[in-house]
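Colleague: Got a structure here, written out as structure tokens. Questions coming.
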Amino acid sequence: MQHVLIDACGWVAVIDANMNFDSELLGILGKPQLVLLPKIVEELERLDLQRPRGKKLLLPMLLSKSSIEQPLDENTVHTDDQIVNLAVEKRLVVLTVDVQLKRRLFEVGRPVLEITKGKRLNLVDGL
């Protein structure tokens, strides 16, 4: 089973695109296991508090469908470093729209799920 590590900006983009995430994911990767880092959960909680009622991030649903994975190195401060390290070590696909993070993931050979302008998911293996 494929595992997909969710980045905060990637999840926000999914919500803002108003897409059927499960259906899109099923068409690309089957039924993967979703993975979150504790720092990403914290970031999503902060973002959710700032959003209007009709644009909430559906965190209870995301958390119910995800496993929480601890970073490989607890001393790594930056979330992007934790994402890259975990994606490499566990061979994860990463959902993100962050250009710099995507570049780093491509450099280490990890695929990225991104949201296209047509509000669809797209699996990208490199630049």
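Colleague: Would you mind telling me which residue in Val41, Val99, Val14 has the biggest mean-square fluctuation in a Gaussian network model of the chain, where springs connect alpha carbons within a distance under 10 angstrom?
Modeller: The residue that fluctuates most here is Val99.
Colleague: Which one is right for this structure if mean projected area of the Cα convex hull in nm² is calculated from it: (1) 13.5; (2) 6.7; (3) 7.5?
Modeller: Answer label, from the structure shown: (3).
Read-outs: derived from the displayed coordinates by stated rules, not from any lab. Worth saying up front: this structure is predicted, and the values here are computed from it rather than measured.
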